[in-house]
Each structure stands twice: as structure tokens, then as C-alpha cells.
1. Separation of region A:193-271 and region A:100-120 by C-alpha centroid, Å?
2. Please express the shape of the protein assembly as shown as an equivalent ellipsoid: the semi-axes are the square roots of 5 times the eigenvalues of the C-alpha gyration tensor, given largest first in whole angstrom.
3. By the gyration tensor of its Cα atoms, with a ≥ b ≥ c the square roots of the eigenvalues, what is the shape of region A:31-145: rounded for a/c under 1.5, prolate for a/b over b/c, or oblate?
4. To make sure I understand, if each residue's beta carbon is the centre and we count other beta carbons within 10 Å, what order do A:248, B:75 fall in, fewest to most?
5. Could you work out how far helix B:129-151 tilts from the main Cα principal axis of chain B, as a 0 to 90 degree angle to the nearest 10?
6. Before anything else, pin down the relative contact order of region A:1-115: Cα pairs under 8 Å, at least 6 apart, normalised by residue count, whole percent.
7. Rounded, prolate or oblate, given the Cα gyration tensor of region B:51-159, with a/c below 1.5 counting as rounded?
8. Using R₀ = 56 Å, calculate the FRET efficiency as 1/(1 + (r/R₀)^6) where r is the Cβ-Cβ separation of residue B:317 and residue A:28; round to 0.05.
């Protein structure tokens, strides 16, 4: 919408003005998104079987003892709410990194099987090797990196063709999902809720032991990715142009892949691959921010907001308690089809 | 555009196998199928001897071993039927769409059938076997039309990659809806989840009888469309020039294929990749003539699914693994290999 503002080709002023306008709009959007994430976080802490007023919640968060609220809010709701924000930020950031880097909205880690890899490794670690906490996350990171490498290598036949990469990723993902089924059914205690957690993602039963590794990963890896924001934007122009602009293409790509896969894997080993959050965040952020600058921060915030709102909806709005991944799946899948319809109509790169 | 290209017939030797070679392969495939069926009744959590198997096949179920075999017979029959249906359905689908990636699973048609069945169970109380089959076929048909429409938008019509992508996206969407419908319904959730992975485990003669007419109808329609599929393989313009009514031929063959995979999905759940792998193998064995390829696909599909079922019982002793998991593990690498091939334009 903002891109079609007509300006005379000669007028440098007009370009400058529209740039200022777009970047102030971007600041506004980021601020609004951040406020919404905080509000959702607060609502998640307050609402539940018993309602606690903001005052009580604040006192619990600050470490005071409040009868009743200390347990419900501090032990049950706080880890869940923190995990929702952390996982959302991780998925949003990693998703948009992949989409920017591969220049294709379909190439998000949850569509091309990387999340499934992390998930399969996490299930394997927990069920077969009886690991927990950081060890599970480490295994998930290794597996997700392995899957990323395999998908990329398999798709590489004189240049990575976009659609081929995506279809190979989908095939790998299908295989890994059946590994999840296999491991869970071998474990004997087959439980549909547990299976769903590792196939579509769920925040149920979030504990601090699960949250902390993801939080640490976010604090370490997010700055790394944000530091590459300008280089990633340059990569969107194509490798040659980016190199001409002074970007070290291979290094940027390697750093971005490792950091993004790390985020996905840590978040996935905490709450499963929450369906389509990585895939949806980038395009939504692009739609509301408009074509200015890097999408990393807005997309991360959109991810956190999506997970938070979807979890609230899944818990309270529908009569039954749905895992968050089912809600985001139902939202995200039609968008996936819409995107394909639009690409095909435009006679895209397929 | 498509008709301007020469048909990528692999090479003359493959396209025109001498009859004796085909006959030899036919015997081999039939022998393998018989062996696999024997293995399927003999192998399980309880080991049985051949004398028990023979006695049980004769109708006796006096000892525990014989009773175990008696329970394995319907399961074996179902695996053969479902495998044949999926293999044939995939072969016809690949012929109709001229797409090497066509498969009831990859194109999301299985999932259409599944969603229809789950919705029928949850909202309309369609519990009887026959109504389940009808809803599955209706759902499969809707999904097939939808995916084909989405995949043929834009330049170049329904290219293999576009169709496969549309199918995968539709599958993902339908899977989400299935979960969302089934999850709150504790009463049907157990049904749905055991069936969603794809299995032939709980088969009795009662599950097989209702689906049989549908499978036979689909089989007959599919096999009868072999000649028109041969014409369609030459491209639409040439087929029309040879006197084929292209739209009608395509519609009839697609109907047969949807009938087969809808009915198979209704009894065994969505099973991926059987319909993808089997026709490719058969083209290697007997060439591209559909009059040979289609029956071979049915036989090979039966072999593949029976083998997967037996493997699932061996791999997870003393419990067992649903065939859907095995076929996904075996089929996905195959899918990737086909996607990787350079000339992925058309069959």
C-alpha cells in the first residue's frame, strides 16, 4: 500500500519523506506489537479457573507470597506464559530468517521439516534415552542441523530450486513425523495428547526446567541474528548483489542458519513444533509493517503474540482445551493454501 | 505446450517389453505375493508352525496357535485388498494427471477422505461401515477436485511440482482440521487416532465385506480405462486426434481411482506413498503400457502393503507398528528421489 505512493522520479525530498514516514510507521507497529505481547502475557497470568487481579499477579511476579496466587500464578501459569512468549519469539525469528534467506515464504523451518527433526530427536531423547532439560535440547539442535543440511544437500542440483527444496523438506518431514509416531508407540504408554505435543506443539505442563534452556538460547542467539539483519536484507537482493554490497554471503548464511536452527530446536524441545507459527509470523509482519527494513523484530513479536493469543483461545474460548498447536494449525493451514493459490496465479517460480 | 515435446519414453526396450518377459514378471510377482501372504499369517507375536497354519486354513481353530492364525487371515486379506487398491489408484492417478508425483497421499486425497469420515463420525453419527465408505469417497472426490484446481492455476497448468505442493498443503490443512474435530470428542478420539495412522490390524471379516463392492467397482473401472490412459499419455491433442474423448476418459479414470483410494482409506486410514512407489516400480518391470502396468500395480501394491504389515509386526515385537508408519518411512526417500530428478515435467 505504501509502496505505490507516487513520487516524481527527480524529487529526492519525496523519497526521503516517504522513508521517514515508513520508518516511523515501523516504530509505531513494533511498539504496538510489543504492548500487545505484554498485555497477552498479563492476561495469561490473570485468567484461568480462578481470576487473579493484576495487583496479585504483579506481587507474585515480584516474588511476594500471596496465598493461593503464589502457587497458581507462580508455579502453573508463569512458566506457561513465559514459554509462550519465548517460543513465539524463537519461532517467529527463526521462521522469518529462513524465509528471508531463501526468498520464499514457503521455506519456513516448520514446512521444510527442520522442526520435525528437532521434534523427533526430542522424543527420542526423552523416551528412549531418558534424557531431560539441556541434553534433550542439545540432541534436538544436532538433529535439526542435520536435517537442515540433508534437505539443503538433497535439494542442491545445480542451484537450489525453491519448490524442490520445499517438497524435499515436506518428504523429510513426513518421514520424521512417522519416526515420532514410531518412538511414541514403542514406548507403550501411547497417549494422544502426548503425541500431539510432539506433532503440533502444546504448552500444557510447561515447567521451568523446560523453559530455561529455551530462554537462554533466545538470549544468546537472538542478538546474533539481529546483528545479521542488514546482511540478511541484502541477501534478499540475490547473492551477487549482496556480495557487491560488501556482504560476506557464505558467512552470513552459515551464521543465520545455525542461529535460526538453534532457536527452532531449543523452542521445539520445550513445547513441540507449534504448528505454522514460524511460517505465519514473517508474512503477517510484512503485511503490517510494509516494505521497510528488516522484518526480524516485528516477526518475532508477531510470533509471540500468535502463540500467546492462540493458547488463550485454545484454553478458554472453545469449550474444550485445545493444545496451542491445533489452534495455530487451523489458522495457518488455510493461509498456506492461499499462498500457493496466489503464487500459482502470479505464474510464480514453480 | 505439452504436446509439442516428444514423449519421454524411457527407451524402446523398456517401453516394449516382449510378452515373455512380462509373463515371467507376472509369475514372479504372484509368487512373491503368495509367499508374503503365507508370512503374514505365520508371523506375529505368537509363533506358529506350518502345520498350525494349514490346519487353521482348513477351518480349525482348536489350539491357541490355530486361533491366532485364524485371526491373522482377515488382516492379511485386508492388507492385500488395500495395497492393491492403493497401488492401482496411484497408477491411474499418475496416468490421469501425467504426473510422476501423483499418489493418494501426496495429493491430499486420503486426507480428504479422512476428514469426511471424522466429520461424519463427530457430527452426523455416520458409524455404519457403508456410510463411512460413502463419506470417505465423497471426501476423496472433493479433495481431488480441490487439489487439482489449486495445482492447475497459473502458467503451464498442473505441473508435477505445483500439484504436489498443493496436495501437501491441503494435507496439512486437513490434518489440522481432523485434529481439531476429533480432539474434544473423547467418544470418537480413540477411534480416530488408531485409524489415522493407517492400519489393517483390527480387521475381521465384518470390516472387509462392506468395502468389497466398492473396491471391485473401482478395480473394474480403473482396469477398463487402461486403453484410454494409453492414449492420454500421448498428450491431450494427440489423444483427441486418435478419437479419444479426453475429458470423459479422464473423468472416468479419475472416478475409478478416487473410488479405490476412498474405500481403502475408509477401512485402513490414510496410507501414504504406496500409490507413489508402486507404479514407478511397475514401469521398470513391464514398461509404460497401462494394460500391463495397471494389473501389475495392483499386485505389487498388495505385496508392498502386506510386506509392510509383516515388517511392522517384526519391528515392534511384541506389540506392532501400523503399516502407515512403515510405508511413510519406506516411501518418503522414494518421493525425494523422484523430486530430485531433473526432468520433472510430465510422464
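Nothing in this text is a laboratory measurement; each read-out follows from the coordinates by a stated rule. It should be emphasised that the depicted structure is a prediction, and the values quoted were computed from it without experimental measurement. No Cβ is skipped: glycine too gets one built from the backbone with ideal geometry, and neighbour counts run over all protein chains shown.
1. Measuring centre to centre over Cα atoms gives 11 Å.
2. Numbers: eigenvalues 416, 220, 91 Å².
For the protein assembly as shown, the ellipsoid semi-axes come out as 46, 33, 21 Å.
3. Numbers: a/c = 3.45, a/b = 1.56, b/c = 2.22.
Judged from the Cα gyration tensor, region A:31-145 comes out oblate (a/c at least 1.5, b/c at or above a/b).
4. Numbers: A:248 12, B:75 23.
Least crowded to most crowded, the residues run A:248, B:75.
5. Tilt relative to chain B: about 30 degrees.
6. Working: 48 pairs, mean separation 16.3, N = 115.
After rounding, I find 14 percent.
7. Numbers: a/c = 4.82, a/b = 1.93, b/c = 2.50.
Taking the square roots of the gyration eigenvalues as a ≥ b ≥ c, region B:51-159 is oblate.
8. On the way: r = 62 Å, r/R0 = 1.11.
The formula returns an efficiency of 0.35 here.
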